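The values are calculated or read from the model by the stated rules, or taken from the named source; none is laboratory data. Keep in mind that this is a model prediction, so the values were computed, not measured. With ideal geometry, Cβ positions are generated from the backbone for all residues, glycine too; neighbour counts draw on all protein chains shown. In case anyone asks, the SASA skips ligands and DNA or RNA and just uses the protein heavy atoms, side chains included. Shrake-Rupley method; radii C 1.70, N 1.55, O 1.52, S 1.80 Å.
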Amino acid sequence: MPSSRYDVYERLKFDWPADGVLRVTMHNPDNPLNSTDIKMHEELGRIWQDIDADRDVGAVILRGSDKAFSAGGDFSMIDQIIADHGFRMRVLKEARDIVYNVIDCSRPTIAAMNGVAVGAGLAAAMVCDVTIATRSCRIIDGHTNLGVAAGDHSVICWPLLCGMAKAKYYLLTCDTLTGEEAERIGLISLAVDDDALDAESLRVASKLANGARTAISHTKTALNNWLRINGPSFDASLGLEFLAWDGPEAKEGIAALKEKRKPNFGKMPV
């Protein structure tokens, strides 16, 4: 069943754990916590179009490595975003593609999150159709701690999933959400024990892959119009995020992260 269309990917690994179920594993061999490098970021935006064209796929599971789902962008990519305007515009487009291409993929998508879930991996996961996390998973949107607006994905879906009050609280404060708390407030679909994540994600994917595929696909398409309605707000948030990457707050935020200290933003002008 494997298709040669997936052979070109370097940071995404593929297997078929059940009939009609394609499992996509994000894998950064240089980082055990699975940070997103330049190659992975580009591939996370592109893969959904290849999946959409593969008639063998009935459902997709997106997961990370054994240690973590996604640990955010690596420093080399962030440094290049700050220093190079052309590269920043390229990454902005890829960030937009990650969100919209998951939303527009006609196949049902299941995110299986463990460890820490941050950054581009989290962006893809949170617009999947079914989101499953271990109870101990740490879900973090840390944009404002980095000195940039929350733009990766959160504005398009967090208010819809958990309500504006909770979305504002977590996106403004960057407080950590456990998988258990994320399920309680409605941000994710299911929270499971750590040792049950693979089995539960496969159970859901197999059920969808063996269902009425056209009916399921059309239901997803209709439901995702709720996300498309929020597209202009997402586009604005993404633009505001990337506008700030070469600003003083972003430079202080990244310096603090590298030095493992609390950022000192002071009274920097808005």
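Could you check the range 162-243 for helices (runs of 4 or more DSSP H) lying wholly inside it with 2 or more residues that are farther than 25 Å from residue 92 by Cα and open to solvent by less than 30 Å² (accessible area, probe 1.4 Å)?
Numbers: elements: 164-173, 179-184, 197-209, 213-223, 225-229, 231-243.
Result: 179-184, 197-209, 213-223.
Quick grid of which residues meet (1) within 26 Å of residue 116 (Cβ to Cβ); (2) of a type outside the set (D, E, K, R):
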| site | (1), (2) |
| --- | --- |
| 176 | yes, yes |
| 190 | yes, yes |
| 194 | yes, no |
| 199 | yes, yes |
| 211 | no, yes |
| 255 | yes, yes |
| 267 | no, no |
Hits in the range 12-66 - residues which are within 14 Å of residue 77 (Cβ to Cβ), in contact with a helix residue (DSSP H, G or I) (Cβ under 9 Å, 6 or more places away or on another chain) and acidic (Asp, Glu) | 37, 42
Which residues, taken from the range 98-122, are under 24 Å from residue 195 (Cα atoms), open to solvent by 20 Å² or more (accessible area, probe 1.4 Å) and over 12 Å from the mean Cα position of the chain (by Cα)?
-> 114, 115
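Could you please find all residues in the range 83-97 being small (Gly, Ala, Ser) and open to solvent by 10 Å² or more (accessible area, probe 1.4 Å)?
Initial filter on the range 83-97 (small (Gly, Ala, Ser)): 83, 86, 95.
Of everything in the range 83-97, those that are small (Gly, Ala, Ser) and open to solvent by 10 Å² or more (accessible area, probe 1.4 Å) turn out to be 83, 86.
Here is a list: 107, 135. Which entry is charged (D, E, K, R) and touching a residue at least 60 places away in the same chain (Cβ under 8 Å)?
Numbers: 135 fails: touching a residue at least 60 places away in the same chain (Cβ under 8 Å).
Residue meeting the stated conditions: 107.
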Identity of the residue in the range 141-151, in contact with a Leu (Cβ under 7 Å, 6 or more places away or on another chain) and not in a helix (DSSP H, G or I), that ends up surrounded by the fewest Cβ atoms within 10 Å (Cβ to Cβ) | 149
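Residue 137: at pLDDT 95 or above, over 12 Å from the mean Cα position of the chain (by Cα) and surrounded by 24 or more Cβ atoms within 10 Å (Cβ to Cβ), yes or no?
Working: at pLDDT 95 or above: yes; over 12 Å from the mean Cα position of the chain (by Cα): yes; surrounded by 24 or more Cβ atoms within 10 Å (Cβ to Cβ): yes.
It is true that residue 137 is at pLDDT 95 or above, over 12 Å from the mean Cα position of the chain (by Cα) and surrounded by 24 or more Cβ atoms within 10 Å (Cβ to Cβ).
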Selection from the range 19-32 of residues more than 19 Å from residue 216 (Cβ to Cβ) and buried (at least 23 other Cβ atoms within 10 Å of the Cβ) yields 26
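Search the range 244-258 for residues being open to solvent by 20 Å² or more (accessible area, probe 1.4 Å) and part of a loop (DSSP other than H, G, I, E, B), and hand back the single one that is nearest to residue 153 (Cα to Cα). Let's see the steps before the verdict.
Looking only at the range 244-258, we keep the residues that are open to solvent by 20 Å² or more (accessible area, probe 1.4 Å), and these are 244, 246, 248-249, 251-252, 255, 257-258.
This time we only want the ones that are part of a loop (DSSP other than H, G, I, E, B), so: 244, 246.
On the way: 244: 16, 246: 20 Å.
If we take residues in the range 244-258 being open to solvent by 20 Å² or more (accessible area, probe 1.4 Å) and part of a loop (DSSP other than H, G, I, E, B), then 244 is nearest to residue 153 (Cα to Cα).
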Would the range 36-48 turn up any residue that is among the aromatic types (Phe, Trp, Tyr), under 21 Å from residue 97 (Cβ atoms) and touching a Phe, Trp or Tyr at 6+ places or on another chain (Cβ under 7 Å)?
-> no
Residues of the range 33-82 being within 18 Å of the chain's Cα centre (by Cα), in a loop (DSSP other than H, G, I, E, B), modelled with pLDDT of 95 or more and surrounded by fewer than 16 Cβ atoms within 10 Å (Cβ to Cβ), which ones?
-> none
